[in-house]
Amino acid sequence: MGAALPVVRALREFLPERAILHEEEDTRPYECDGLTAYRQLPMVVALPETEEQVRRILQTCSALKIPVVPRGAGTGLSGGALPLGDGVLLSMAKFMRVLRIDPLARVAVVQPGVRNAVVSELSAPFGLYYAPDPSSQIACTIGGNVSENSGGVHCLKYGLTLHNVLGVRGFTIDGEPLQLGGEAPDAPGYDLLALAVGSEGMLFVLTEVTLKLLPKPQCARVIMASFGDVEKAGAAVADVIAAGIVPAGLEMMDRPATQAVEQFVHAGYDLEAAAILLCESDGTPEEVEDEIARMQTLLAHAGATRMTVSRDEAERLRFWSGRKAAFPAVGRISPDYYCMDGTIPRKRLGEVLRFIAALEKKYGLRCPNVFHAGDGNLHPLILFDANNADELHRTELFAGEVLEKCVEVGGTITGEHGVGVEKINQMCVQFRPTELELFRAVKRAFDPQGLLNPGKAVPTLARCSEYGRMRVHGGQLPHPELPRF
Amino acid sequence: MIESLADSIREAAARHRPLRLRGGGTKDFYGNALRGEVFDTRGYSGIVAYEPTELVVTARCGTSLSELEKKLEANGQCLPFEPPHFGPGATLGGCVAAGLSGPRRASAGALRDFVLGVKLIDGRGQALSFGGQVMKNVAGYDVSRLVAGSLGTLGLIAEVSLKLAPKPQAESTLRLEAPQARALELMNRWAGQPLPVSATAWHEGELTVRLSGSAAGVRAAAEGIGGAALDEPFWRGIREQSHAFFSGPKPLWRLSVPSTSPPLELQGRQLIEWGGALRWLKSSEDPKTVRAAAKRCNGHATLFRAPDKAAGCFSPLEPVLARVHGQLKSAFDPAGIFNPGRMYPEA
């Protein structure tokens, strides 16, 4: 049936047969991204290999008014790459080439399908690396990182994807070439690169990215500090920052999270502690020694009950392995888990943690916590069973309350995972109709027909008013059978 | 107070009366010709929130930049992008609207990298909030960073939240003799090593380097780099353009290029910053020649200070980008009242 589709016929004029998937058995692997609660078979999957093919796919879809959803590795956690049943899923998986690494200029020019970790691996012989390191870095691609403005455990000191991308190249939905930013700083005109990073594939399609590489610090060591209660650990984070230290990484995990992780990776975490902090310093050996000593003093004052400093690189990586494996580890102790991504001002940490603990009781669901504590980015993981409709429903309500709490304390519903389809209702809480309308106008400036990844990230006014009505009804969602988070 | 600003803007929009958004006027020289009735932002001033442990400050547009920096300094913190003031009257709003960064830009990042959120009054007189006061925020398009450097053409930046950094413990400036090509190579090589280089400048055979960081780190790096310690307050002169290079009647060009670009063969004198990525040129060279030289190395040239800006202050945009600029401008400012033409005719 798919072969008869006009879009398939049009794509066949310039794409080889292997680059067009339309049989269900071939399109099935693309039905969801890392947010597996949402699934939708795409009408067609296109797998271009050249910029010219991307340009023509976009022109074809634009002429036929068929929506296009770009996709990288499909590791995203917010459903940003969820296909449309009447759309083309544009997989950039074949754009896997590293085009250039220039060690003197400290830049890497890569195609969007290059995996995050590959950039650092290839830069290592020059003493350089690519700083943003999302936990999924062995699988996620640079194109997806740019689209979501991904973070990682080291972005407190080294910034997000936004701070480490110098330029991007791609095409508008009409197939016009676009170059934003570049190796020369401060491109003239508006900072469209800032708009592009984190635009969730809604403004244009990326085909090339220029990344900034940084010199690898000579050494790094991490302190693992135990705390008898979570709020003390939170206060310790503020103390470190107040002392004028910006650690290379500053992460927190609570006991339910360390227990889940420890069975899985044996990172050596203190399972007696209510929370542990991982506090990293990098630089010259002298700088690291000095900073580690200062941080130990501060953490001890803040009530740390135990501290271990990594003695060598193997131990440092082992301490981090547990944090980086936190999501898969939780995946092993529960049939499903739902990961949140709110960010709050650090000073409100204790309050928000108490709020989450109360919700665990209210909804009868467990919620281990891992945080990028240094920058206030929380990843509470609600454990549930998707086959149990009532648990799914309670999870939705739990998550919605947490995200709205993040907004209430002056934070945001998403720090690094993106809005996608997952948090689109909460956008109505964080932004007013006038602001959402401006977002829509920004999209129209690039994509007047609204064909690129429609229905993601920015809700319609109608959707917000429906969500507003639902919230008024005492948190009781109508139609609980509908997947909504 | 923000309502009365919004009211005035609504009224101007209703009458299609152009407004020239202005703080202390220290950057009146920057951009294309000024048009419209002066809309003074200095009445809307003051720090809204500052908690050193959050590494974030939120302040109103009319806040004096030097007073803000004094307050941060008292808490051992700073604006990491080291913005130029170009006069004692500089305001925070003007600083963000101009989007200019100082000597620390190559190592610490640009102004836009530190913008976390803005409260913006658009051309309909609506007060809108984008971003926030947290370090990580990917909800919605990054409008806060879009308006940074937009020269007030998209709206009045009424409030802004900026990420801060602790002031470095130690700082030291060194000077070496080096011809231009050698200096460019050295600056790029240093930047690829884990050295605490926080600023570089080359002019007439002299390469000046600033190291910032822990006392131990600065001391160790200084030994490796060599050269002689410099005591004069050199970087302020570069940042504020009070250094002798910047004086004289000839036009001042700001060429932004990839840092490894070879020496640019252009008439006039040059001063290089940002590890080679920023080349200041004092020259009466034909604007077309200057822009072509920048373009040849994938860069662009801004006519930074000049009595005659007929050539246009900023490098022209590709047609697709010009169209996007025009559409963004009309989305934010449908009546076209904010600083019309200051950046481009279409913006």
Which one of A:Arg348, A:Arg332, A:Arg366, A:Arg323 is in contact with a strand residue (DSSP E or B) (Cβ under 9 Å, 6 or more places away or on another chain), at negative phi and assigned to a helix (DSSP H, G or I)? A:Arg323
Taking into account only those residues within region A:173-186 that are within 7 Å of another protein chain (Cβ to nearest Cβ) and assigned to a loop (DSSP other than H, G, I, E, B), which is farthest from B:Ser259 (Cα to Cα)? A:Glu176
Just wondering, is there one or more residues in region A:352-375 that are buried (at least 17 other Cβ atoms within 10 Å of the Cβ), within 14 Å of chain B (Cβ to nearest Cβ) and touching a Pro at 6+ places or on another chain (Cβ under 7 Å)? yes
Residues in region A:222-269 that are of a type in the set (Gly, Ala, Ser), in a helix (DSSP H, G or I) and either modelled with pLDDT of 95 or more or touching a strand residue (DSSP E or B) at 6+ places or on another chain (Cβ under 7 Å) (or both) total 3
Examine region A:305-314 for a residue that is modelled with pLDDT of 95 or more, assigned to a strand (DSSP E or B) and touching a Gly at 6+ places or on another chain (Cβ under 9 Å), and state whether such a residue exists. yes
Would you point out which residue out of A:Glu408, A:Glu416, A:Glu391, A:Glu435 is touching a strand residue (DSSP E or B) at 6+ places or on another chain (Cβ under 7 Å), charged (D, E, K, R), within 14 Å of chain B (Cβ to nearest Cβ) and farther than 23 Å from A:Gly152 by Cα? A:Glu435
Just to confirm my filter: which strands (runs of 3 or more DSSP E) fall fully inside region A:44-148 and include at least 3 residues that are crowded, with 23+ Cβ neighbours inside 10 Å and within 18 Å of the chain's Cα centre (by Cα)? A:68-71
Within region B:272-289, how many residues turn out to be under 21 Å from the mean Cα position of the chain (by Cα), without any contact (Cβ under 8 Å) to a residue 60 or more places away in the chain and away from every other protein chain (no Cβ under 11 Å)? 3
Within region A:149-177, of all residues that are closer than 27 Å to A:Ile57 by Cβ and small (Gly, Ala, Ser), the one surrounded by the fewest Cβ atoms within 10 Å (Cβ to Cβ) is A:Gly175
Please work out if A:Leu211 is more than 9 Å from every other protein chain (Cβ to nearest Cβ), part of a strand (DSSP E or B), farther than 23 Å from B:Glu346 by Cα and of a type outside the set (Gly, Ala, Ser). yes
Restricting to region A:10-40, name every residue that is assigned to a helix (DSSP H, G or I) and either surrounded by 15 or more Cβ atoms within 10 Å (Cβ to Cβ) or touching a strand residue (DSSP E or B) at 6+ places or on another chain (Cβ under 8 Å) (or both). A:Ala10, A:Leu11, A:Arg12, A:Ala19, A:Asp26, A:Thr27, A:Tyr30
What number of residues in region A:376-395 are surrounded by 23 or more Cβ atoms within 10 Å (Cβ to Cβ) and more than 17 Å from A:Gly331 (Cα to Cα)? 3
Can you name the residue in region B:163-182 that is within 14 Å of chain A (Cβ to nearest Cβ) and touching a residue at least 60 places away in the same chain (Cβ under 8 Å) and, of all such residues, is farthest from B:Val115 (Cα to Cα)? B:Ala181
State whether one or more residues within region B:112-124 are within 18 Å of B:Gly336 (Cα to Cα), at the interface with another protein chain (Cβ under 7 Å from one of its Cβ atoms) and under 13 Å from the mean Cα position of the chain (by Cα). no
Can you name every residue in region A:90-130 that is within 12 Å of chain B (Cβ to nearest Cβ), under 25 Å from A:Val370 (Cβ atoms) and not hydroxyl-bearing (Ser, Thr, Tyr)? none
Taking only region A:135-152 into account, find how many residues are within 12 Å of another protein chain (Cβ to nearest Cβ) and not charged (D, E, K, R). 7
For region B:26-77, which residues satisfy the criterion of being within 21 Å of the chain's Cα centre (by Cα) and within 14 Å of another protein chain (Cβ to nearest Cβ)? B:Tyr30, B:Gly31, B:Asn32, B:Leu55, B:Val56, B:Val57, B:Thr58, B:Leu72, B:Glu73, B:Gln77
Among the residues of region B:155-181, the number that are of a type in the set (A, V, I, L, M), part of a strand (DSSP E or B) and farther than 30 Å from A:Asp375 by Cβ is 2
Considering (1) at pLDDT 90 or above; (2) within 14 Å of chain B (Cβ to nearest Cβ), say which one A:Cys279 fails and leave the rest. (2)
Quick one: what pairs do we get from region A:316-335, first residue touching a residue at least 40 places away in the same chain (Cβ under 8 Å), second among the acidic types (Asp, Glu), C-beta under 6 Å, 6+ apart or different chains? A:Arg323/A:Glu251; A:Pro335/A:Asp385
Output for Cβ contacts, cut-off 7 Å, separation at least six or different chains, first residue polar (S, T, N, Q) in region A:175-204, second part of a loop (DSSP other than H, G, I, E, B), reads A:Ser199/B:Tyr141
Options B:Ser101, B:Ser129, B:Ser107: the member that is free of Cβ contacts under 8 Å to residues at least 24 places away in the same chain, surrounded by fewer than 24 Cβ atoms within 10 Å (Cβ to Cβ) and within 11 Å of chain A (Cβ to nearest Cβ): B:Ser129
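The values are calculated or read from the model by the stated rules, or taken from the named source; none is laboratory data. The shown structure was predicted, so the numbers you read here are calculated from the model rather than taken from an experiment. With ideal geometry, Cβ positions are generated from the backbone for all residues, glycine too; neighbour counts draw on all protein chains shown.
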